[in-house]
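Nothing in this text is a laboratory measurement; each read-out follows from the coordinates by a stated rule. Computed from a predicted model, the values in this text were never measured in an experiment. Quick reminder, even Gly has a Cβ in these numbers, built from the backbone with ideal geometry, and neighbours come from all protein chains shown.
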Amino acid sequence: MANVIVIGGGAAGLLAAGTAARRGCDVLVLERNDRPARKLMITGKGRCNVTNNCTLVSDLVSNVPTNGRFLFSAFMRFMPNDMMELLENEGVPLKIERGNRVFPESDRAVDVVDALVGWCKNGGARIEKGRVCALLISEGRVSGVRTEDGTAYACDRVIVATGGVSYPLTGSTGDGYALAKQAGHTVVNPQPALVPLVCHEGFCADLQGLTLKNIAMVVLDNESYKEVYRDFGELLFTHFGVSGPTVLSASCHMKDMAKGRYSIHIDLKPALSYEKLDERVRRDFSENSNKNFINALDSLLPKKLVPVMVRLVGVKPQTKVNQITREQRARLVNLLKDLTVTVNGFRPVEEAVVTRGGVSVKEIDPKTMQSKLCEGLFFAGEVIDVDAYTGGFNLQIAFSTGHLAGESV
């Protein structure tokens, strides 16, 4: 019999198990996959953006748009520098990149996974394969779990760290939500967060694969006529719409999604004011006055974007530059400063980086991660209704809540 059973061997589960074991608990991790931390293997495009090198709790909280204040105690107990120290002590040198993103020097997620699994096991925790399908609860207290093969495991405390419903092939299929409901918990409807967006404009498909760097973008709510998000960085066009870091973060702010409700306004030349950009375009036109319009934009735009922009301006491609009217030039400048795409919806939750929704934070003690409804039951990681922007913040949530749950049991 184990004192503590951790359901799920992902980022949160491994931190919880290793922390509890190092505090004298007999810990068993039940992981449904053949090997732990499969989702961790694909984070950061296989490089594993392990955390963000924030030094202030307030900075971490400000990057968690959903229930950030709930995480204050968890962050206080286990900060990014604590996670970095753990990994480096386990033989994984780290490096810091743009936006304080932290990666292993090797750029190999497997190194992080191996280090965490080793740290967990070396601390005394055991990891076994098994898919938990039910909690055993007696008189308002958890007393064990049952796996799908019918095996019952007795224990004093259970930590649910099963993840959300994004990337289901890694084992995140919402098992933890069913377990939480069994214990009487409210589960906020899971929705995609940090997810690519489906757009109305056909030119997105024409630009498939094109990454725009150093663009500014603003998201408008077309119902309230209010700005809901702005960012600077990279945007990727896809066959269905747009993706990339700025878009994934923007998706977190699109509440109550409806077709056409939100529009994204892309400034392709944020370093230049409208007036300065107009001067630049006039200078380019002067130098290329005898060229066809479609051949005169190479210094302004990526090659793939040129024919799309020509079409949007409404000028025939073979029109000579010296025949472009003032109105047509103004239309070009407007498009360079405000290329607009209309959002039709999110891509499926299976394609989301993380899940928005999960076990209600109102029913979890933020100082311990213990259920307020069922004694001995704890939660950690993405199964809780918290989600953050890209940049390592979501993994830090998993590590911090896992550590706090492991400490609390």
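Take the Cβ atoms of Thr368 and Arg98, set R0 to 30 Å, and the FRET efficiency comes out at 0.25. The distance between label points at Arg146 and Glu279 comes to 7.6 nm (points 7 Å beyond Cα on the Cα→Cβ vector). Counting neighbouring Cβ atoms within 10 Å and putting the fewest first, the residues Ser249, Ser400, Ser62, Ser286 line up as Ser286, Ser62, Ser249, Ser400. In the elastic network of the chain, a GNM with C-alpha springs shorter than 10 Å, the most mobile of Arg22, Arg32, Arg311 is Arg311. Around the Cα centre of the chain, unit charges on the Cβ atoms of Lys, Arg, Asp and Glu (plus for the first two, minus for the last two) sum to a dipole of about 1100 debye.
In the chain, Cα pairs under 8 Å separated by at least six residues give a relative contact order of 25 percent.
Here the gap between Arg126 and Glu139, fully extended at 0.36 nm per residue and compared with their Cα-Cα distance, gives a gain of 1.9 nm.
Each residue, Ala330 and Lys303, gets one label point 7 Å from its Cα in the Cβ direction; the gap between the two is 3.4 nm. Taking label positions 7 Å along the Cα-Cβ direction at both Phe72 and Arg108, the computed distance is 4.2 nm, reported to one decimal.
Comparing Gly46, Gly244, Gly124 in a Gaussian network model of the chain, where Cα atoms under 10 Å apart are tied by springs, the biggest mean-square fluctuation is seen for Gly46. Say a site is exposed when it is one of the GluC sites (Glu not before Pro), sits in a DSSP loop, and has at most 16 other Cβ atoms within 10 Å; what is then the longest site-free stretch of the chain? That gives 224-409 as the longest site-free run.
Pop the C-beta distance of Arg35 and Ala178 into the FRET formula with R0 = 25 Å and round what comes out to the nearest 0.05. Spell out each step's value before the answer.
On the way: r = 23 Å, r/R0 = 0.94.
Result of the calculation: an efficiency of 0.60.
Taking every lysine pair in segment 196-346 that is 8 or more places apart or spans two chains, those with Cα atoms closer than 12 Å amount to 4.
Mind listing which trypsin sites (Lys or Arg not before Pro) in segment 324-409 are in a DSSP loop and have 15 or fewer other Cβ atoms within 10 Å? Before the final figure, lay out each step's value.
On the way: sites: Arg326, Arg329, Arg331, Lys337, Arg356, Lys362, Lys367, Lys372; in loops: Lys367, Lys372.
Sparse-neighbourhood loop trypsin sites (Lys or Arg not before Pro): Lys367, Lys372.
Rounded to the nearest 20, the size of the Cβ-charge dipole of segment 1-128 about its Cα centre is 320 debye, with Lys and Arg at +1 and Asp and Glu at -1. Adding -39500 (n - 2.57) for every DSSP H run of four residues or longer, then dividing by how many residues the chain holds, sets the calculated 222 nm ellipticity at -8500 deg cm²/dmol.
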